[in-house]
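Let me begin by presenting the structure, written as structure tokens, before commenting on it.
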Amino acid sequence: MPNLARLTDKLPALPDAAQEFTRLLRNSMRDLAPIVGVVAFFQVVVLRQPFPDLTNVVFGLAAVLLGLTLFIRGLEIGLFPIGESMAGAFAKKGSAWWLIAFAFALGFGTTIAEPALIAVAGEAAEIKIAARSAASGLPPDPSAEAAYALGLRYTVAVSVGVSLIIGVLRIMLGWPIQWFIIVGYCLIVALTQFAPREIIGIAYDSGGVTTSTITVPLVTALGIGLSTVIKGRNPLIDGFGLIAFASLTPILFVLVYGMVV
């Protein structure tokens, strides 16, 4: 129960919780203000049109504000501590294989559940199958669309799992990060020359959508927790960089997926 006790210790008392929530709410309002300002300026000043369905816009903005505030607080008291503690526990256990398995499972599990990836894969599959249907003259096949989207999601999820294995090995063995990045992007440029044109944009976008709301906090916590426990590693120097791998490998894997499928 030590992890549970650690998490509950981070929960503030009720009066303090209200003050903390108010502080986070103000911070979220400050972060959203530039976006709201830009949209309002171009809608009212440039386009000179009223907001369509202003009630829904205001309600949606309030929902985003509340959701962002709760999400940030959840990261602080939940995801970051549990990710760091699990990474440290695996490192102290001294089993490299279990640590590698955990890294792959974490990368695969967080990516397959990533909302941004689900949306992009579904949109790509819909357009792909629609184009194939127009070329063949046959009606769109929903099962083929679902299979294409699922295949794309699994490809990206496996790639992120592999990237975390590489990142964990880099932290354990002290390998410099720059060579992995240089070689990785050289491979991407080379594969781009041979991949189908319709998959290139999806592949490059896949590197961005994977590093989103679910993946980033846990992956960051893994790197920081691991580099904190391993002797001779600096969390600031060695703990970061896993997100770069998680952005790079999906591009490679999706380019290959497009060439094969």
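Coordinate-derived values only; no laboratory data. What you are looking at is a predicted structure, and each value in this text was computed from that prediction instead of being measured. Neighbour counts run over all protein chains shown; Cβ positions are idealised from the backbone, glycine included.
Given axes a ≥ b ≥ c from the Cα gyration tensor, I'd like to know whether region 15-110 is rounded (a/c under 1.5), prolate (a/b larger than b/c) or oblate. Prolate, because a/c is 1.5 or more and a/b exceeds b/c.
Projecting the Cα positions of 191, 240, 211 onto the charge dipole of region 145-261 (unit charges on Cβ atoms of Lys, Arg, Asp and Glu, taken about the Cα centre) puts 240 furthest along the positive direction. Taking every C-alpha pair closer than 8 Å and separated by at least 6 residues, the mean separation divided by the residue count of the chain gives a relative contact order of 24 percent. Within the listed set 233, 23, 153, the residue fluctuating most in the Gaussian network model of the chain (springs between alpha-carbon atoms under 10 angstrom) is 23.
In percent, rounded to a whole number, the relative contact order of region 212-261 is 30, using alpha-carbon pairs under 8 Å and six or more apart. Between the C-alpha center of region 109-167 and that of region 43-103 there is a gap of 23 Å. Using a/c under 1.5 as the rounded threshold, could you call region 86-195 rounded, prolate or oblate? The axes a ≥ b ≥ c are square roots of the C-alpha gyration tensor eigenvalues, and prolate needs a/b larger than b/c, oblate otherwise. Oblate shape, in that a/c is at least 1.5 and b/c is the bigger or equal ratio. You can think of it this way: the chain between residue 138 and residue 182 has 11.4 nm of extra reach, that is 0.36 nm per residue less the Cα-Cα gap. Among 30, 197, 48, the residue with the largest mean-square fluctuation in a Gaussian network model of the chain, with springs joining Cα atoms closer than 10 Å, is 48.
Using the Cα gyration tensor of region 184-261, with a ≥ b ≥ c the square roots of its eigenvalues, what is the shape: rounded (a/c below 1.5), prolate (a/b larger than b/c) or oblate (neither)? In terms of gyration-tensor shape, prolate. Remark: spin-label model distance residue 234-residue 119 equals 3.8 nm, labels positioned 7 Å along the Cα→Cβ axis. Select from 39, 168, 183 the residue whose mean-square fluctuation is largest in a Gaussian network model of the chain (Cα-Cα springs shorter than 10 Å). Result for the chain, Cα springs under 10 Å: 39 fluctuates most. The phi-based Karplus calculation (6.51 cos²θ - 1.76 cosθ + 1.60; θ = phi - 60°) puts the 3J(HN,Hα) values of region 129-134 at 5, 5, 5, 5, 5, 5 Hz, whole numbers, x for Gly and Pro.
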